[in-house]
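So the structure is just underneath, and the comments pick up after that.
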Amino acid sequence: TRTLLSDKLLNAEQIKGLLIDVAAELPPEGPQHVIVVVGGALITWQGFRENTRDVDSVRRFDMELQVAAAAVAIRHQLDSNWLNARAAAFRPQTLREEECEVLADAPRLRVLGAPLRVVSAMKLFASRGRDYPDLRAIWRQCGFSTAEETVAFFTSHIHWRNMIRILKNMFGQ
């Protein structure tokens with residue numbers, strides 16, 4: 001059996017290189033695709049973590065971008081979901097792409113990084129065991145000085161309507 005690169009985890013340089021490969025895989029003509037990186041991939045990209053298993057985006061991908069990502073996955077022996085939009089269901093309504101950092105910009109692919117404050121709100125919302133080290137790593141960079149300030153930001157960005165929608169989707173209601 002072959003060991004997939006995703007089994008070994010992706011560091012920042014690998015993530016950058018893979019996204020450049022996705023950009024190169026896209027046909028030369030057509031609209032520019034946008035990926036908004038969040039989660040462990042962004043925290044890794046920013047140097048607050050050593051590696052991650054995948055690259056999460058809060059922006060959904062059209063078929064052309066999915067095909068390009070799949071070609072890169074095959075070429076580099078990656079899991080088929082190495083680049084995914086699973087985080088799109090948890091995108092805060094207040095996230096504005098113009099407030100994101102441009103991480104890479106190619107003619108057919110723009111890669112944005114969500115503000116770390118928004119990522120912290122998403123991590124706090126998820127509250128999985130693996131989220132706590134990330135929250136500790138980025139907390140000061142987010143400009144928070146107290147737990148109360150963090151909670152105030154969280155409640156202003158994660159709306160209850162989102163939580164209700166997520167729960168309804170989860171339970172098929």
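This table checks each residue for (1) surrounded by 15 or more Cβ atoms within 10 Å (Cβ to Cβ); (2) part of a loop (DSSP other than H, G, I, E, B); (3) more than 17 Å from the chain's Cα centre (by Cα); (4) small (Gly, Ala, Ser).
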residue: 77; (1), (2), (3), (4): no, yes, yes, no
residue: 95; (1), (2), (3), (4): yes, yes, no, no
residue: 102; (1), (2), (3), (4): no, no, no, no
residue: 110; (1), (2), (3), (4): yes, no, no, no
residue: 135; (1), (2), (3), (4): yes, no, no, no
residue: 145; (1), (2), (3), (4): no, yes, yes, yes
residue: 153; (1), (2), (3), (4): yes, no, yes, no
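How many of the residues making up region 83-93 are out of contact with any Gly (no Cβ under 7 Å at 6 or more places or on another chain), surrounded by 14 or more Cβ atoms within 10 Å (Cβ to Cβ) and without any contact (Cβ under 8 Å) to a residue 60 or more places away in the chain? Of the residues in that region, 4 qualify.
Is it true that some residue in region 57-69 is touching a Cys at 6+ places or on another chain (Cβ under 9 Å) and either without any contact (Cβ under 8 Å) to a residue 60 or more places away in the chain or farther than 30 Å from residue 168 by Cα (or both)? Please lay out each step first, then the result.
First pass over region 57-69, keeping only residues touching a Cys at 6+ places or on another chain (Cβ under 9 Å): none.
No, region 57-69 contains no residue that is touching a Cys at 6+ places or on another chain (Cβ under 9 Å) and either without any contact (Cβ under 8 Å) to a residue 60 or more places away in the chain or farther than 30 Å from residue 168 by Cα (or both).
Here are some residues: 117, 86, 53. Which one is within 15 Å of the chain's Cα centre (by Cα), under 22 Å from residue 144 (Cβ atoms) and modelled with pLDDT under 95? Working first, answer last.
Values: 86 fails: under 22 Å from residue 144 (Cβ atoms); 53 fails: under 22 Å from residue 144 (Cβ atoms).
Unique residue meeting the criteria: 117.
Scanning region 138-173 for residues that are modelled with pLDDT of 70 or more and among the β-branched types (Val, Ile, Thr) yields 138, 146, 150, 151, 155. Scanning region 17-63 for residues that are surrounded by 15 or more Cβ atoms within 10 Å (Cβ to Cβ) and on the phi > 0 side of the Ramachandran plot yields one hit, 39.
For first residues located in region 125-137 and modelled with pLDDT of 85 or more, partners that are of a type in the set (A, V, I, L, M) and exposed (fewer than 12 other Cβ atoms within 10 Å of the Cβ) and lie 6+ apart or on another chain with Cβ distances below 7 Å do not occur. For residues that are in contact with a helix residue (DSSP H, G or I) (Cβ under 7 Å, 6 or more places away or on another chain), closer than 20 Å to residue 14 by Cα and part of a loop (DSSP other than H, G, I, E, B), tally how many sit in region 79-93. Total satisfying the criteria: 3.
The values are calculated or read from the model by the stated rules, or taken from the named source; none is laboratory data. Because the structure is a prediction, the values reported are computed rather than measured. In this analysis, Cβ positions are derived from the backbone assuming ideal geometry, glycine residues included, and neighbour counts consider all displayed protein chains.
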